[in-house]
Each structure stands twice: as C-alpha cells, then as structure tokens.
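The values are calculated or read from the model by the stated rules, or taken from the named source; none is laboratory data. Since this is a predicted model, take the numbers as computed values, not measurements. Quick reminder, even Gly has a Cβ in these numbers, built from the backbone with ideal geometry, and neighbours come from all protein chains shown.
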Amino acid sequence: MNTANALSELHWKFIQFAGGMPAIGISWSQVKLDVDRVAKSLAGVEPAQPSPLMANMRMPVYQLAYSVFVRRLTLAPRGSICEMETQMLVNVHTLSHPELVIRSYTVETATPANVSLGFDNAANEVFWQEQGSSQPKITPAWGSDADRVLSMTTIPDPKRDHYLDEVERQIIWLTGPSFVRLVADILPRYRLSEIVPWLRLHAPLRVDVTSPHIVITASRATVTVGNCSPETTEIVPDPAFPYGESIPRPTLSSGQVDLAVYAPRTRLFDFYAKALEPAVLVAVRGGGAIKWALAGSVGLNKLSLSVSTAQGTSGVLGIAAIIDFVAAAQAWFDGPCGIRLSLASASVIGSGDFSGELQINLDWGAQLVEAVLVVTKSDLPNPSFDVSTPLPWPLDQIAGEILRHVTQDEARKLAGSAVRLGRWHVVGLPLEYLDTVKPAELSAHSEGWKSVSAFTGVWRRKG
C-alpha cells in the first residue's frame, strides 16, 4: 500500500521526539500483551503450585518461606508516566512445602505504583523499575490448617501470637512494599540488540512513554555494518534535520505497528552505503557445446539514497549510484572425462549507472525483518575489453566472436537478472515477541516521509 503526502502518528512522533537520531518504537498494545504473558506465567495454581520464579522464597526466621501468586497485573501510560497495578496472594509456609500454608496475605496496590524505563548499558536492555516506594493494601487470613502447620515449626508457644509478633509485623511494615517492587522487577524487559542489531544507543537514553507507542532514543549512538570486518560509526544528532522540509500533523493510524526502527535520511545512508558495495556481484553462465561464464563486481563511485513518502514493503527507499564494473570472462569446450578445453578469456572494464530499490520482507524462520536489494538498472554503456586467446588463427577469430558475445552482449544484459541481491537484517523479532503472535497475523512494514526519514517494522493484522 502506498499513501502519498500522508504521515502516520508513529512517524510523526519519531520525528518530533528523536529528530535527527535513530530510535526504536514499541507499541503499548504489544507491551500489554507482554505484561499479560508475564502475569499468566506467574499466576501459578493456588495454593500448592506457585510459579518457579515466585516459589519458596526463604524467610530469615523459623525455617519459613513464602510463595507468591500473581492474580492481576496491569501497566498503562498516564500522561508522561506509567502506572502499575497489581494484586497478588502471598502464602507463608514451611520451607519447601508451599502446600502447608500458615497465613495468606492478599497484597494489592492501594494506589497505582509509578514505574519508568531504566537502562542496563552492559546488557543493552531496557527494564521497568518502580519510582519511589508504595505502601500496598495488605489483607491477612489464617490458613485452613494453620494450627497443625504451626505445630510443625519451632515458633514458641503460643504459636499464633509469636507468629503475629515476630513474622507478620515484618511482613506488614517492612516486606509489604518489596512485594510491589518484586512484581515491577519481573515486568517485560526488552533487549535492544535483539530488536535492532546494527544500532547501539548509548546512555543516557531518552524515552517517551505516551500512547500509542513508546519511543526510545539517545543523544549518542553507534552504527555497526558488516559481517566479516564490521565497521562502526559514531553518530550524534544531525543538525541539518529535517533538511528544509516541513512536517505536517499525522493523518494515518499506526496502532498496528508492534515494533519499529526509525532513522533520519543521513543515518539510513550511514547504514546502507557501507552495506551495499560488498553485496553487489555478477555471475552469468551459458552456452551449448561451447560453454562460457562471466563473473565480476560493481564498485560504487557515488551513491545516493532517496526516501519517498510511502507506506508498505516497497517504494520507500531507493538507491542510485555511478559504478565501476570489472569482470572476467572465459569460453571453453567440455572435453572427455570432464576436461575443460579453454578457448579464450577476457576482462571487461567500464563505468555506468546502477540503481535499485530496498524492499522489506518478513522472515519468520529467521526471526527478522530484512531489507532486500532489488536492482532496477545496471547500465554499462561503454565497456572496454581485453581479449586474450592461446589459439592460432583462424580459431582465434572464432574465440573472439565467442568472447564478443560473452563479454559485450552479456555485460549489457546484467540489469535485474545477474546481480546477487544483498540482504540486511533491519529489525529483529525476539522470541518473547513471537510468543504473542501467529505468522499469519504479521507482515513487514516500512514508511518514509519525503527525503526526511523512514522507519521499518512489523505490522500486526488484528481482528
């Protein structure tokens, strides 16, 4: 789908908040799905089967422990902050025996707890953390078999009185707030290197949590491109952004975009310019009784990247370049027993034009969204040839005719058919994310705005 002269709400938010720096977007609808997934995993089965993450936490007295069952957990934006509400059941029991409940505590947030996104620089991971401390509402109740379980402990007589004085007092006044913090600590975490492997944001991060998308950026970052010999470029905000273009208010919804990676035009160029040249190679084979092969490479002398106002999987990012073309050609007969009887060889050198389009594909198996180079033009108008042959006259004239076909005619047919297409991992899909979506629901998505910026992400078809 292409939409001319229209801007989505997510792209507008990227431009307004991140401006001339790359950024990552995560939808609040996705965060809610992630929170629900965490809550479900921590619910357990009351009273004897708590989640392993919330089970049998040892207490400092009388060989007791407690286990937690999360009954309700929500996280939502409220203006510029985030609020967490939770209700949980905390059972105190004998160590390693969650079924032997002495006393239960329903713990819930009396008022929503404020949480914010923190950043673990070493792990390149953002996580939720409680801001300040909240005193929850705690409602206690004796277990149905409390007296029998108490009789198994070393708590002095009268056991209920000593429990209330030595154990419960600590839970109500000291441990209570830590239950809320415990739940905040297990909220979903997002490893940024899994979402965008070629970009690393450096602390301190800047975060906007207002709905419908969380946007994460920074004032300094590095872009790393390449597999065998990666090249890293330090980047800072682009002072020329938005390159003289006006930015209108958004008219398109982007609520179905779950994850997205954004970059201004110059930062997109930083990424793709270093990735393109080693990806463009040429290889052509053919022939009947006389076989031939042509293999070469394209060097980029001058490269430009265009960003179009469009949405979809194509038509957003375009590549144009002035090229140097260098190739080697060979023609031969196949002799007996696989012997190759060489006729001639040649080199081809020339300059021309190269252009292409970066299309966005979803690879579910590889857990990523990739950019694929589709060549639209590879024009070599004036190639020069250097033909050499070991054959005597008149066979060298036959070889020359073969080489004219191989090098000259075939060199002119390279556009669209003889280029090994480059592929780049643009957006990663963490396993935790894939747990919340089915393959049929998901598609790749990209959006550009004039020559200003673009983002790439995943679009979830809802309903």
Residue pairs meeting the criteria (Cβ under 6 Å; at least 6 apart or on separate chains; first over 23 Å from residue 165 (Cβ atoms), in region 61-82; second of a type in the set (Gly, Ala, Ser)) | 69/44; 70/39; 70/43; 73/39; 77/211
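Just to be sure before I move on: is residue 122 crowded, with 19+ Cβ neighbours inside 10 Å and outside any strand (DSSP E or B) in the structure I sent?
Values: crowded, with 19+ Cβ neighbours inside 10 Å: no; outside any strand (DSSP E or B): yes.
So residue 122 fails the test.
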Could you look through region 113-124, keep only residues that are closer than 22 Å to residue 83 by Cβ and touching a residue at least 40 places away in the same chain (Cβ under 8 Å), and pick out the one that is farthest from the chain's Cα centre (by Cα)?
-> 113
For residue 291, indicate whether it is in the same structural domain as residue 334 (by TED's automatic domain parsing), basic (Lys, Arg) and touching a Phe, Trp or Tyr at 6+ places or on another chain (Cβ under 6 Å).
-> yes
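Would you please name the residue that is surrounded by the most Cβ atoms within 10 Å (Cβ to Cβ), looking only at residues in region 83-112 that are outside any strand (DSSP E or B) and in contact (Cβ under 8 Å) with a residue 40 or more places away in the chain? Before you say what the answer is, go through the steps one by one.
Taking region 83-112 first, the residues outside any strand (DSSP E or B) are 95-96, 109-112.
Right, trim to in contact (Cβ under 8 Å) with a residue 40 or more places away in the chain and you get 96, 109.
On the way: 96: 11, 109: 21.
It comes out as 109.
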Hey, residue 267 hits all of (1) among the basic types (Lys, Arg); (2) surrounded by 19 or more Cβ atoms within 10 Å (Cβ to Cβ); (3) out of contact with any Pro (no Cβ under 6 Å at 6 or more places or on another chain) but one; which does it fall short on?
-> (3)
Tell me, please, whether a residue that is outside the structural domain of residue 269 (by TED's automatic domain parsing) and more than 29 Å from the chain's Cα centre (by Cα) can be found in region 22-32.
-> no
Across region 418-449, what is the number of residues that are of a type in the set (Lys, Arg) and modelled with pLDDT under 90?
-> 2
Kindly indicate whether any position in region 416-427 is over 30 Å from residue 224 (Cβ atoms), in contact with a Leu (Cβ under 9 Å, 6 or more places away or on another chain), among the charged types (D, E, K, R) and exposed (fewer than 14 other Cβ atoms within 10 Å of the Cβ).
-> no
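From the list 129, 87, 170, which one is closer than 22 Å to residue 432 by Cβ and not aromatic (Phe, Trp, Tyr)? If you could, list the steps in order and put the result at the bottom.
On the way: 87 fails: closer than 22 Å to residue 432 by Cβ; 170 fails: closer than 22 Å to residue 432 by Cβ.
Just one listed residue meets the conditions, 129.
Considering each of 209, 236, 225 in turn, give the residue that is closer than 10 Å to residue 22 by Cα and either in contact with a Cys (Cβ under 6 Å, 6 or more places away or on another chain) or at pLDDT below 95 (or both). If you could, list the steps in order and put the result at the bottom.
Working: 209 fails: closer than 10 Å to residue 22 by Cα; 225 fails: closer than 10 Å to residue 22 by Cα.
Answer to the check: 236.
Go through region 254-311 and count every residue that is outside any strand (DSSP E or B), small (Gly, Ala, Ser) and closer than 16 Å to residue 377 by Cα. Let's see the steps before the verdict.
Restricting attention to region 254-311, the residues satisfying the condition of being outside any strand (DSSP E or B) are 254-256, 265-280, 288-289, 308-309.
This time we only want the ones that are small (Gly, Ala, Ser), so: 254-255, 273, 275, 279, 288-289, 308.
Among the residues that remain, those that are also closer than 16 Å to residue 377 by Cα are: 279.
Number of matching residues: 1.
For (1) surrounded by fewer than 16 Cβ atoms within 10 Å (Cβ to Cβ); (2) touching a residue at least 40 places away in the same chain (Cβ under 8 Å), each residue gets a yes or a no:
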{"residue": "224", "(1), (2)": "yes, no"}
{"residue": "253", "(1), (2)": "yes, yes"}
{"residue": "258", "(1), (2)": "no, yes"}
{"residue": "275", "(1), (2)": "no, yes"}
Given the conditions (1) over 30 Å from residue 452 (Cβ atoms); (2) touching a Ser or Thr at 6+ places or on another chain (Cβ under 6 Å), which single one is not true for residue 327?
-> (2)
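Give the residue that is nearest to residue 260 (Cα to Cα), with candidates limited to residues of region 179-215 that are charged (D, E, K, R) and outside any strand (DSSP E or B).
Narrowing region 179-215 to residues charged (D, E, K, R): 181, 185, 189, 191, 194, 200, 206, 208.
Keeping just the survivors that are outside any strand (DSSP E or B) gives 181, 185, 189, 194.
Details: 181: 29, 185: 25, 189: 16, 194: 12 Å.
Once the filter is applied, the top-ranked residue is 194.
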Scanning region 304-334 for residues that are buried (at least 17 other Cβ atoms within 10 Å of the Cβ), farther than 27 Å from residue 443 by Cβ and of a type in the set (A, V, I, L, M) gives 321, 323, 327, 329, 331
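Yes or no, residue by residue, for (1) within 30 Å of residue 205 (Cα to Cα); (2) of a type outside the set (D, E, K, R):
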{"position": "69", "(1), (2)": "no, yes"}
{"position": "84", "(1), (2)": "yes, yes"}
{"position": "116", "(1), (2)": "yes, yes"}
{"position": "120", "(1), (2)": "yes, no"}
{"position": "147", "(1), (2)": "no, no"}
{"position": "155", "(1), (2)": "no, yes"}
